[in-house]
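Novice: Here's a structure for you.
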Amino acid sequence: MKKIKIILVVLIVLFIIIQFIPAGIPRNKPEDEKSIAKSSLVTGQVLNQLKKSCFDCHSDQTKLPWYAKIAPSSWLLSGHINEGKSHLNFSEWEDYSRREKIGLLEAIKDEVESGNMPLKSYLLIHRDARLDSEKISLLSKWTSETSDKILE
Ligand code: HEC
């Protein structure tokens, strides 16, 4: 019994200590004209879906859950958000070159069709972010149409 108590105390102390390690979750920024949301490339329905399923990791408008304030879950979230944004940030859409935009649209199509995105761990908690086959084809059609528009 004594050992269990010691282990418990050590765990609690460790838990308290790790709360002081900064998680490095990026700050949100107000949406400006660089965002894909402000462009004519996206319709209401597609934008809504992107906001629901992708914006938490791929934009500067992340909606953080309560456990984002608690280590170690905050570290996991921080990793997802920082990495996600480094690949694709819808809030900085206009900073991408034409070629990058086309490449990203292609990647979005691949990720959505293969079911890689949104991340599985995210979907466990964010059920409304799930994509059924109808939503997948909506997004996939949008990527092709948008590439065509950009190439025009
Ligand atoms: C929980 C966070 C999270 C969500 C939600 C999310 N992503 Fe990602 N995304 C990531 C991370 C992390 C990476 C980089 C690592 C990887 O590819 O698995 C990534 C990578 C990507 C890439 C780049 C792949 C490449 O080949 O470079 C694309 C495109 C992408 N995501 C699209 C989407 C789309 C579209 C959605 C919504 C339908 C979405 N993601 C939702 C976290 C997320």
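The values are calculated or read from the model by the stated rules, or taken from the named source; none is laboratory data. Bear in mind the structure is a predicted one, so any value in this text is a computation, not a measurement. Neighbour counts run over all protein chains shown; Cβ positions are idealised from the backbone, glycine included.
Novice: Which condition number in (1) near the ligand (Cβ under 10 Å from one of its atoms); (2) closer than 12 Å to Cys54 by Cα is the one that Asp128 fails?
Specialist: Among (1) near the ligand (Cβ under 10 Å from one of its atoms); (2) closer than 12 Å to Cys54 by Cα, the lone unmet condition for Asp128 is (1).
Novice: Considering every residue within the range 78-97, establish whether at least one is β-branched (Val, Ile, Thr), over 21 Å from Pro30 (Cα atoms) and in contact (Cβ under 8 Å) with a residue 12 or more places away in the chain. Outline the logic, then answer.
Specialist: Going residue by residue through the range 78-97, those that are β-branched (Val, Ile, Thr) are 81.
With over 21 Å from Pro30 (Cα atoms) added as a condition, the list becomes none.
Checking the range 78-97: not a single residue is β-branched (Val, Ile, Thr), over 21 Å from Pro30 (Cα atoms) and in contact (Cβ under 8 Å) with a residue 12 or more places away in the chain.
Novice: In this structure, is Gly103 surrounded by fewer than 17 Cβ atoms within 10 Å (Cβ to Cβ) and in contact with a Phe, Trp or Tyr (Cβ under 9 Å, 6 or more places away or on another chain)?
Specialist: Values: surrounded by fewer than 17 Cβ atoms within 10 Å (Cβ to Cβ): yes; in contact with a Phe, Trp or Tyr (Cβ under 9 Å, 6 or more places away or on another chain): yes.
It is true that Gly103 is surrounded by fewer than 17 Cβ atoms within 10 Å (Cβ to Cβ) and in contact with a Phe, Trp or Tyr (Cβ under 9 Å, 6 or more places away or on another chain).
Novice: If you check Ser74, Ser78, Ser91, which single one turns out to be touching a Gly at 6+ places or on another chain (Cβ under 6 Å), in a helix (DSSP H, G or I), more than 10 Å from the ligand (Cβ to nearest atom) and not aromatic (Phe, Trp, Tyr)?
Specialist: Unique residue meeting the criteria: Ser78.
Novice: Taking the stated definitions as given, is Gly84 within 24 Å of Asp32 (Cβ to Cβ), within 11 Å of the ligand (Cβ to nearest atom), surrounded by 17 or more Cβ atoms within 10 Å (Cβ to Cβ) and at pLDDT 95 or above? Don't jump to the end; show me each part of the working.
Specialist: Numbers: within 24 Å of Asp32 (Cβ to Cβ): yes; within 11 Å of the ligand (Cβ to nearest atom): yes; surrounded by 17 or more Cβ atoms within 10 Å (Cβ to Cβ): yes; at pLDDT 95 or above: yes.
Against the criterion (within 24 Å of Asp32 (Cβ to Cβ), within 11 Å of the ligand (Cβ to nearest atom), surrounded by 17 or more Cβ atoms within 10 Å (Cβ to Cβ) and at pLDDT 95 or above), Gly84 qualifies.
Novice: Find the residue count for the range 58-101, including only residues that are over 15 Å from Ser121 (Cα atoms) and among the hydroxyl-bearing types (Ser, Thr, Tyr).
Specialist: 6
Novice: If you don't mind, another one. Given the structure, is Ser39 among the polar types (S, T, N, Q) and either within 14 Å of the ligand (Cβ to nearest atom) or free of Cβ contacts under 8 Å to residues at least 40 places away in the same chain (or both)?
Specialist: Working: among the polar types (S, T, N, Q): yes; either within 14 Å of the ligand (Cβ to nearest atom) or free of Cβ contacts under 8 Å to residues at least 40 places away in the same chain (or both): no.
Answer is no for this residue.
Novice: Listed residues Asp95, Asp60, Asp132, Asp110; which is over 12 Å from the mean Cα position of the chain (by Cα) and closer than 22 Å to Ala37 by Cβ? Show your work before the answer.
Specialist: Working: Asp60 fails: over 12 Å from the mean Cα position of the chain (by Cα); Asp132 fails: closer than 22 Å to Ala37 by Cβ; Asp110 fails: closer than 22 Å to Ala37 by Cβ.
Testing whether each residue is over 12 Å from the mean Cα position of the chain (by Cα) and closer than 22 Å to Ala37 by Cβ leaves just Asp95.
Novice: Considering the range 43-67 alone, what residues qualify as being outside any loop (DSSP other than H, G, I, E, B), touching a residue at least 40 places away in the same chain (Cβ under 8 Å) and surrounded by fewer than 18 Cβ atoms within 10 Å (Cβ to Cβ)?
Specialist: Taking the range 43-67 as the starting set, the residues that turn out to be outside any loop (DSSP other than H, G, I, E, B) are 44-53, 55-58, 66-67.
Right, trim to touching a residue at least 40 places away in the same chain (Cβ under 8 Å) and you get 45-46, 49-50, 52-53, 56-57.
Those that are outside any loop (DSSP other than H, G, I, E, B), touching a residue at least 40 places away in the same chain (Cβ under 8 Å) and surrounded by fewer than 18 Cβ atoms within 10 Å (Cβ to Cβ): Gln45, Lys52.
Novice: If you take the residues in the range 1-42 that are loosely packed, with under 12 Cβ neighbours inside 10 Å and basic (Lys, Arg), which one is farthest from the chain's Cα centre (by Cα)?
Specialist: Only one residue fits best here, namely Lys2.
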